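The values are calculated or read from the model by the stated rules, or taken from the named source; none is laboratory data. Everything numeric here is computed off the predicted structure, so don't read it as measured data. All Cβ positions, even for glycine, are placed from backbone atoms using ideal geometry, and neighbour counts span all protein chains on display.
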Amino acid sequence: MHAFINDFSITQIQYFNHYFFDHTHIFHGHRHDCWEINVVLKGELEVTYDDTIFTLHQNQVFIGEPNVFHRNRVTKDPTVELIVIHFSSADLPFWGTPQIFSLSDENLTLFHLLISDFKQFKAVHNISSDTVDIAPFSFKKLLEVFTSRIIKEQITLPHSTQKETLIYNKAVTYMKNNLHKNCSITEIATACCVCNTTLKNIFKKYTDQGVNTFFINMKLESSKQYLQQNYSIAQISEQLGFSSQAYFSQTFKKVYGYSPLQYKQKH
């Protein structure tokens, strides 16, 4: 049960886009430091979010937390209409799991008003970019009201229980519990009671990444938290099972484009 958010506020709208996808669409996934709302207005969209896989149907909403890996793809519908909004908020609570909601008629009407308001703003100010530097006050307030309403109504939907998605969930959970180790694909596959090939195919299908790459990226995301808590490079390397400080630093820079020390200085 979610408590109604009385003091939820948006500090910045960072991205807005209205997509139309055909059956070939695959978004290969990313992480970012802001909240994300996905609203499917037509069709079905399969979403991978951290250790969970689910399908968004027409007039359903997904709210994703900052710094969590997510990707999506169209699996069967010929056309999918999707609205994606990124925003920053200091007081929207973290749930630790993806939040999926079904829109009532009233909330769907409110959402269409929200879309119309922002598109009119972009047209008046001749904004063509999807990245948003400024947004109308009315849009922020409408998005706050919309988000608060869908959370208040608590129409949360179940996640997929298909065999492959359960294996994926088990593998990611195993990785989270063993970030301090240098786990092999065989070790992870054995923990999930599947062969290496099956595990590799599942990760390719749902994350478009190799098992090792996914695990390394998970470690690197965790390392950011340690850096913000002022851990040393040596401590982080040991804590996250990297073979050496040099390997950790090289891998961090390869993925993010800057060294752990540079990240630490910025944060």
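Please determine whether any residue of the range 191-207 is under 29 Å from Ile37 (Cβ atoms), of a type in the set (S, T, N, Q), at pLDDT 90 or above and in contact with a Phe, Trp or Tyr (Cβ under 9 Å, 6 or more places away or on another chain). Taking every residue of the range 191-207 in turn, at least one turns out to be under 29 Å from Ile37 (Cβ atoms), of a type in the set (S, T, N, Q), at pLDDT 90 or above and in contact with a Phe, Trp or Tyr (Cβ under 9 Å, 6 or more places away or on another chain). Counting only residues that are acidic (Asp, Glu) and under 21 Å from Ile26 (Cα atoms), the range 66-104 holds 2 of them. Restricting the range 174-203 to residues that are assigned to a helix (DSSP H, G or I) and of a type in the set (S, T, N, Q), the residue that is nearest to Phe248 (Cα to Cα) is Asn177. Restricting attention to the range 204-214, the residues that are part of a helix (DSSP H, G or I) and under 16 Å from the mean Cα position of the chain (by Cα) add up to 3. Condition first: under 20 Å from Glu144 (Cβ atoms), at pLDDT 90 or above and charged (D, E, K, R). Can you find one or more residues in the range 55-65 that meet it? Among the residues of the range 55-65, at least one is under 20 Å from Glu144 (Cβ atoms), at pLDDT 90 or above and charged (D, E, K, R), which makes the answer yes. Would you confirm whether any residue within the range 222-242 is without any contact (Cβ under 8 Å) to a residue 24 or more places away in the chain, assigned to a helix (DSSP H, G or I), touching a Ser or Thr at 6+ places or on another chain (Cβ under 8 Å) and exposed (fewer than 14 other Cβ atoms within 10 Å of the Cβ)? Within the range 222-242, none of the residues are without any contact (Cβ under 8 Å) to a residue 24 or more places away in the chain, assigned to a helix (DSSP H, G or I), touching a Ser or Thr at 6+ places or on another chain (Cβ under 8 Å) and exposed (fewer than 14 other Cβ atoms within 10 Å of the Cβ).
To keep it simple, each residue is scored yes or no on (1) within 18 Å of Pro93 (Cα to Cα); (2) over 10 Å from the mean Cα position of the chain (by Cα).
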{"position": "Thr24", "(1), (2)": "no, yes"}
{"position": "His32", "(1), (2)": "yes, no"}
{"position": "Ile37", "(1), (2)": "yes, no"}
{"position": "Leu41", "(1), (2)": "no, yes"}
{"position": "Val47", "(1), (2)": "no, no"}
{"position": "Thr55", "(1), (2)": "no, yes"}
{"position": "Gln60", "(1), (2)": "no, yes"}
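Of all residues in the range 1-24, those that are part of a strand (DSSP E or B) and either surrounded by fewer than 15 Cβ atoms within 10 Å (Cβ to Cβ) or modelled with pLDDT of 90 or more (or both) total 7.
Residue count for the range 51-77 under the criterion of being of a type in the set (D, E, K, R) and either outside the structural domain of Gly29 (by TED's automatic domain parsing) or buried (at least 19 other Cβ atoms within 10 Å of the Cβ) (or both): the result is 3.
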